[in-house]
Amino acid sequence: MDNIKYAIEGILFAAGEPVKAAKLAVVLDTDTDTVKKAVDELKTEYENEHRGFNIIDILEGYQICSRPEYYTYIQEILGEQRNQPLSNAAMEALAIIAYKQPITRGQVEHIRGVNSDGCINRLYERGLIEEKGRLDAPGRPILYVTTQNFLRCFGLTNPQDLPPIDLSKLNLSAAQGLQLEIDEEKAAEEQAQTEE
């Protein structure tokens, strides 16, 4: 088991991005349960030895990342440009994309009520969103979804791990607008099903 465990450690370290458990199993000529057990052992080892990194789960795979408590030291070495915060407008656009994906730029702008070109371009440049095909509508607008980088940055395993939206914390007009939009989407889905 140690050989598999340390082979996984070496692969994850060298990859620098998430590696699927199934791919690790194929490469190491074993099964995914053995991979999962080996990764769990590595996680425990890193925790017990207070290592400067850990393994996180991302979309049925794993990645080695530095621990958040050492962020300030890492930032000092790598420089400030590594983590410039997103503007409130960009965070707003990102939240909309995360919760409504796949979604077009026009739909994001409709929800926000303002032009979102700059925000979406910034999110795309930072690797937080990516193109995922085109909507079958006039003009064939691009559909956007969040990326693995988004999941890593926000500590999520998959997009379904996003916390539910608490409408009670929104102001009344925003909550009503969001509810109206949800109702419109449900009505459109029901109409599409009856037409089939």
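Give segment 12-32 a look and list any residue that's more than 20 Å from ASN158 (Cβ to Cβ) and touching a helix residue (DSSP H, G or I) at 6+ places or on another chain (Cβ under 9 Å), or say none.
Hits for segment 12-32 are VAL27, LEU28, THR30, ASP31.
In this structure, is TYR73 surrounded by 14 or more Cβ atoms within 10 Å (Cβ to Cβ), of a type in the set (Phe, Trp, Tyr) and more than 18 Å from the chain's Cα centre (by Cα)?
Criteria not met by TYR73.
Which residues, counting only those in segment 115-136, are in a loop (DSSP other than H, G, I, E, B) and either surrounded by 13 or more Cβ atoms within 10 Å (Cβ to Cβ) or at pLDDT 90 or above (or both)?
Those that are in a loop (DSSP other than H, G, I, E, B) and either surrounded by 13 or more Cβ atoms within 10 Å (Cβ to Cβ) or at pLDDT 90 or above (or both): SER116, ARG126, GLY127, LEU128, LEU135.
Only one of (1) open to solvent by less than 40 Å² (accessible area, probe 1.4 Å); (2) under 24 Å from THR72 (Cα atoms) is not met by VAL19, so which one is it?
Looking at each condition in turn, VAL19 falls short on (2).
Which condition from (1) open to solvent by 80 Å² or more (accessible area, probe 1.4 Å); (2) modelled with pLDDT of 85 or more is the one that GLY139 breaks?
So the condition that GLY139 fails would be (1).
Enumerate the helices (runs of 4 or more DSSP H) found wholly within segment 1-107, keeping only those where 2 or more residues are farther than 30 Å from GLY139 by Cβ.
Correct list: 2-15, 21-27, 32-48, 71-78.
Every residue in segment 37-70 that is open to solvent by 40 Å² or more (accessible area, probe 1.4 Å) and closer than 23 Å to THR147 by Cα, please.
Selection gives PHE53, ILE56, ASP57, LEU59, GLU60, SER66, PRO68.
The values are calculated or read from the model by the stated rules, or taken from the named source; none is laboratory data. Being a predicted model, the structure only gives us computed values, none of them experimental. Cβ coordinates were reconstructed from backbone atoms using ideal geometry, including for glycine residues, and neighbour counts include every protein chain displayed. These accessible areas exclude ligands, DNA and RNA; they are computed on the full protein's heavy atoms, side chains included. Shrake-Rupley method; radii C 1.70, N 1.55, O 1.52, S 1.80 Å.
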